[in-house]
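The values are calculated or read from the model by the stated rules, or taken from the named source; none is laboratory data. Predicted model only: the values in this text are computed from it and were never measured. Cβ sites come from the backbone with ideal geometry, for glycine too, and all protein chains shown count toward neighbours.
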Amino acid sequence: MKNSSRLILSSLALSLGTSTSAIADDADLAARLEALEARVAAAEQRARDAEANVARVESERRPDDSSDYETRLAALEKEVDSGDEFSFSAYARSGLLLGNDGKSIPGGPYVTPAGSVGGAVGRLGNEPDTYVHARFNHLKTYENGARQRFQFALADSVTTSNDWTADESSLNVRQVFVELSELPSFEGTALENATLWAGKRLDRNNFDVHWVDSDVVKLAGVGGGVYDVELGDDWRGNFTLYGRSFDDFSVDPENTEISADTDSLVLTANNYVGPWQVMLSALSANDNDQRIVDGSGTAADSGVHGMLAYRGDSFFGLGEGTFMAALLHGEGLGAEVKQIGANGELLDDARATRLAVYGTTYLSPHWRIAPSLLAEVSKDRFVHDDDYFWASFNTRLANEITENFEMQYEASYQTMDLDPQGYKGRQKVQGNFGKLTVAPTFKPFVGGFFQRPELRVFASYITWDDELNDFASDDAFGEKGYAGSQWSFGMQAETWF
């Protein structure tokens with residue numbers, strides 16, 4: 001590559017009437033040529049772009065004008081260092097989930113009755129869907145140092161096993177936004193290292209408990225904000241405004257001034273002080289209190305939400321590893337504590353509190369473990385006097401056997417006490433759910449719970465109390481032939497990059 005670039009530049013010099021020996025005598029020009037050669041050698045694609053530009057210069061050359069050579073060489077250097085970059089990243093999973101009789105069965109982390117109010121269970125050997133979220137980015141650095149990032153993202157999810165799924169697809173433009181950073185106007189201010197953004201997006205600072213496929217907290221919608229405002233020596237803040245649209249809903253037909261739809265607005269201040277995160281949100285949705293609710297009570301048109309989180313650099317202080325703990329509380333529209341502002345059916349008296357904890361560590365050089373806890377209690381959620389409690393305990397264990405193969409195991413247990421007060425025809429139930437999974441797994445190299453891709457085969461045994469079948473007639477536990485306990489089998493691919 002280096003010899004090729006030398007030949008290109010030598011030809012360019014000769015074509016403009018300047019000998020290569022003359023170029024060598026010019027120390028400044030020689031240094032620039034050496035720097036250009038190093039950059040071209042480091043990036044084959046950019047070298048091809050450079051070659052194309054050389055051809056263009058040769059076709060337009062004026063051999064007697066050495067100053068024009070300097071100008072054209074500077075332009076060539078600038079184009080090689082233009083700062084235009086394109087990247088592609090994605091998350092994807094796809095798998096087959098079969099029951100005892102070899103037929104497809106329901107599954108997923110939200111398969112239990114508690115899943116109707118966010119109660120997730122372990123995902124390993126429990127996912128029947130194909131899901132993909134693909135992100136395309138364009139990054140550009142301008143002459144003054146300012147940077148821009150544009151992202152366009154698509155997502156799709158289906159549960160059918162067919163190869164052509166257009167009729168069942170839920171293909172969606174998940175994100176379309178622009179970020180601006182390194183703005184010279186902000187030098188010397190609290191915004192010097194800040195990022196401005198606007199558009200449709202999943203908030204940059206969402207985070208989750210991967211093993212149960214549940215966000216701890218999630219901001220998403222259309223809006224704008226500023227990230228990384230420096231408020232102190234070890235204190236930075238994010239400030240955002242998101243809008244979400246509730247589905248059409250029923251209102252009093254005699255009140256013609258009220259619209260049957262509304263927007264939910266979420267104003268959030270996210271503060272990071274060392275390992276601590278303090279998140280506060282205020283919510284508003286005009287006219288939502290005119291919604292006709294399914295039972296007694298009045299729908300909320302405002303709410304508050306808060307979260308206190310801590311990220312540790314050890315395994316709960318017991319050894320090497322990581323851990324995270326978060327306590328969330330919301331009232332009114334904020335009582336949907338995970339996906340803030342997404343549920344318009346919450347009552348004005350609704351309140352919910354959730355705890356999320358997980359950690360990762362190695363038990364020995366070839367055994368690693370990741371336990372997690374997710375629990376929530378809520379009251380007056382959708383109907384006056386309704387009451388929901390659930391707690392999920394999950395442990396992912398892995399034995400690294402070779403460089404490319406490991407055995408993964410998962411134990412998941414959920415207890416629930418749900419009293420929906422007849423909301424959507426649902427009945428009061430109390431009971432437990434359990435799942436054990438064994439999954440031989442192949443990957444490019446083992447090490448840590450977040451190395452992907454993974455190809456797995458698995459066998460799972462799931463069991464639950466019979467009473468849970470009475471919760472609803474339209475959920476998995478209400479299906480005929482899906483009761484008590486059973487085995488499931490399958491295979492799955494999962495990747496991200």
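Counting the residues of the stretch 229-246 that are surrounded by fewer than 17 Cβ atoms within 10 Å (Cβ to Cβ) and assigned to a strand (DSSP E or B) gives 8. In the stretch 454-465, is there at least one residue being in contact (Cβ under 8 Å) with a residue 40 or more places away in the chain, within 32 Å of the chain's Cα centre (by Cα), assigned to a loop (DSSP other than H, G, I, E, B) and surrounded by fewer than 20 Cβ atoms within 10 Å (Cβ to Cβ)? There is no residue in the stretch 454-465 that is in contact (Cβ under 8 Å) with a residue 40 or more places away in the chain, within 32 Å of the chain's Cα centre (by Cα), assigned to a loop (DSSP other than H, G, I, E, B) and surrounded by fewer than 20 Cβ atoms within 10 Å (Cβ to Cβ).
Checking the stated criteria, PHE450 turns out to be in contact with a helix residue (DSSP H, G or I) (Cβ under 9 Å, 6 or more places away or on another chain), at pLDDT below 95 and aromatic (Phe, Trp, Tyr). Annotation for the stretch 259-274: at least one member residue is surrounded by 17 or more Cβ atoms within 10 Å (Cβ to Cβ), within 17 Å of GLY344 (Cβ to Cβ), modelled with pLDDT under 85 and in contact with an Asp or Glu (Cβ under 9 Å, 6 or more places away or on another chain). Considering only the stretch 330-341, I want to know if a residue exists there that is in contact with a helix residue (DSSP H, G or I) (Cβ under 7 Å, 6 or more places away or on another chain), outside any strand (DSSP E or B) and over 21 Å from GLY118 (Cβ atoms). Checking the stretch 330-341: not a single residue is in contact with a helix residue (DSSP H, G or I) (Cβ under 7 Å, 6 or more places away or on another chain), outside any strand (DSSP E or B) and over 21 Å from GLY118 (Cβ atoms).
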